[in-house]
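The values are calculated or read from the model by the stated rules, or taken from the named source; none is laboratory data. All values derive from a computational prediction rather than experimental measurement. Here the Cβ is made from the backbone with ideal geometry for all residues, glycine too, and neighbour counts use every protein chain on show.
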Amino acid sequence: MTPLIILLTLLVLVVLLFLLTRSVRAGRLVVLRPLTSYEGLAGQVGRAIESGRQLHLTLGQASLVGTANPTSISAVAVLDHLAKDGCANGTPPLITVGEGTLLPLAQANIQHALAEAGRSGDFDLSLTQFVAHDTDPFAYGAGVAAVLQQQRVASNIMVGRFGPELVLMVEAANRQAIDQVVGTDDPTALAIATAVTDNVLIGEELFATSAYLEGSPSQIASLQLQDILRWVVVLFILGAAVYQLV
Amino acid sequence: MKLKQSIAIFTAVFFGLLTLVALLFNVSGLSSVILGWASFLAAIALILGVMNLLLVHLTRLFKEQNLYSGVLVLSILGVFAAAVLDGLTGSNSVNALFNWVQAPLEAALASLLAVFLLLAGVQLLKRQHTGWAVLFSVTAVVMLLGQALLTSRLLPAGLRQPVNQIVEFVQNVVVTAGLRGLLIGVALGTLLLSLRLLMGVERPYNK
């Protein structure tokens, strides 16, 4: 019985998503909540171009094959946006990954962005670097810290799944006085990120990235459905609490 | 080009739905076959990753004479040679390398985390002069001191219970409430992103 209930719930959500997408496409005005982290993110490419240095983006250690793959897919949405902007302006970002499956995805994104900008010949293997496998978080942290210390980096953007090793990377960036944006869904990494930068994409904000950066109707509709579901959960929790008290 | 994109979308949506149905209705054979294929692809991606690491650092070694890259290239080749020798002679040199080099280095890095975290806390107070920054630091100090005092004999017996209550309140009520809020938000985000992937609306692979 339970699988059928889950399937039914998913179907209802798909229908709601479809209806909301249609309504956004029809021109219904949607105002997204202002998020300071996105403003920080948006300014990074401009700063990199002005300083003549590269923007560094690391995608974390969540495998596309594992259960945390939505985190990596959200991180790739950030890469997509930054790669388009950077490649169009002749400063493609430097990408590091901490998991094998993220490497082909990162390379495809950079190649696509360069091709769209008419600069296919600028593709260089060192633009996308594999640092360590997900079983070696400290090797990954130390590897990214070395990249930040050795390369001419203007901004450091870290989006995806991280653990306590995040502190090695943010500390290396701090020593170089590099601007940072951190987006993750891991509570330990979030605690570290909050201490070192004001630009933090906290948990679900990372999943809302594509709607804020690209703003296609389906992405905005998805964000609205997420808000509706959040209110349903809040009301359910409040109802359960009141029921327990009575 | 359009045909290539359509094939990618069809493959992703088909296998996504197939895995969902297999997991929901407990068709373990089917889901394990698909996950086996995915794991195989992940292993290939890892090999490609290591080759990328080697090529990037070889380029840096010869073009920029980067010493660190040289050490990394030598390490990769050394461990590879040790693994081949292990296969031929039955020795255990890769494990020895891991135990004598990698494990101590990782332990050293792990022990540095506490120092870096402390520095991060101090930097937060320097950077932000807000109530939230003070609350963050005070909570960190209270938790650290509380835990340390509770495990030592310095704390008088009369104070042990109130300190324990404060530490437990912060851990069980404040931290747990925050964590659950965060996890509910992440779960909702994950659910909707997964739905968009299954509907073929979100296409990170379509480049």
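The single residue among A:Val76, A:Val30, A:Val45, A:Val65 that is surrounded by 13 or more Cβ atoms within 10 Å (Cβ to Cβ) and farther than 28 Å from A:Glu165 by Cα turns out to be A:Val30.
Kindly indicate whether any position in the range A:45-61 is modelled with pLDDT under 90 and within 16 Å of the chain's Cα centre (by Cα). Checked against the condition, which is being modelled with pLDDT under 90 and within 16 Å of the chain's Cα centre (by Cα), the range A:45-61 yields at least one hit. B:Ala114 meets all of the listed conditions (1) more than 30 Å from A:Gly163 (Cα to Cα); (2) within 13 Å of chain A (Cβ to nearest Cβ); (3) modelled with pLDDT under 90; (4) exposed (fewer than 13 other Cβ atoms within 10 Å of the Cβ) but one, namely (1).
Yes or no, residue by residue, for (1) in contact (Cβ under 8 Å) with a residue 24 or more places away in the chain; (2) away from chain B (no Cβ under 11 Å):
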site	(1), (2)
A:Leu102	yes, no
A:Gln111	no, no
A:Val147	yes, no
A:Val153	yes, yes
A:Asn156	yes, yes
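Whenever a residue of the range B:137-155 is at pLDDT 85 or above, it has no partner that is surrounded by fewer than 11 Cβ atoms within 10 Å (Cβ to Cβ) lying with C-beta atoms less than 6 angstrom away and at least six residues away or across chains.
With respect to the conditions (1) surrounded by fewer than 18 Cβ atoms within 10 Å (Cβ to Cβ); (2) facing chain B (nearest Cβ under 10 Å); (3) outside any helix (DSSP H, G or I); (4) at pLDDT 90 or above, A:Ala132 lacks only one, and its number is (1). Taken together, the residues in the range B:172-201 that are in a loop (DSSP other than H, G, I, E, B) and either within 7 Å of another protein chain (Cβ to nearest Cβ) or among the aromatic types (Phe, Trp, Tyr) (or both) amount to 1. Pairs, please: C-beta under 7 Å, at least 6 apart or cross-chain, first residue at the interface with another protein chain (Cβ under 7 Å from one of its Cβ atoms) and in the range A:195-213, second charged (D, E, K, R) and surrounded by 22 or more Cβ atoms within 10 Å (Cβ to Cβ)? Listed pairs, sorted by first residue: A:Gly203/A:Asp185. Which one of these is surrounded by fewer than 20 Cβ atoms within 10 Å (Cβ to Cβ) and in a helix (DSSP H, G or I): A:Ala172, A:Ala139? Testing whether each residue is surrounded by fewer than 20 Cβ atoms within 10 Å (Cβ to Cβ) and in a helix (DSSP H, G or I) leaves just A:Ala139.
Pairing residues of the range B:118-129 that are within 8 Å of another protein chain (Cβ to nearest Cβ) with residues that are assigned to a helix (DSSP H, G or I), at Cβ distances under 6 Å and at least 6 apart in sequence or on separate chains, gives B:Ala120/A:Ala195; B:Ala120/A:Val196; B:Gly121/A:Ala195; B:Gly121/B:Ser137; B:Gly121/B:Ala140; B:Leu124/A:Ala195; B:Leu124/B:Ala133. Restricting A:Ala83, A:Ala108 to those that are within 22 Å of A:Gly118 (Cα to Cα) and crowded, with 24+ Cβ neighbours inside 10 Å reduces the list to A:Ala83. Only one of the numbered conditions (1) facing chain B (nearest Cβ under 10 Å); (2) more than 14 Å from the chain's Cα centre (by Cα); (3) of a type in the set (Phe, Trp, Tyr) is violated by A:Tyr140, and that is (1).
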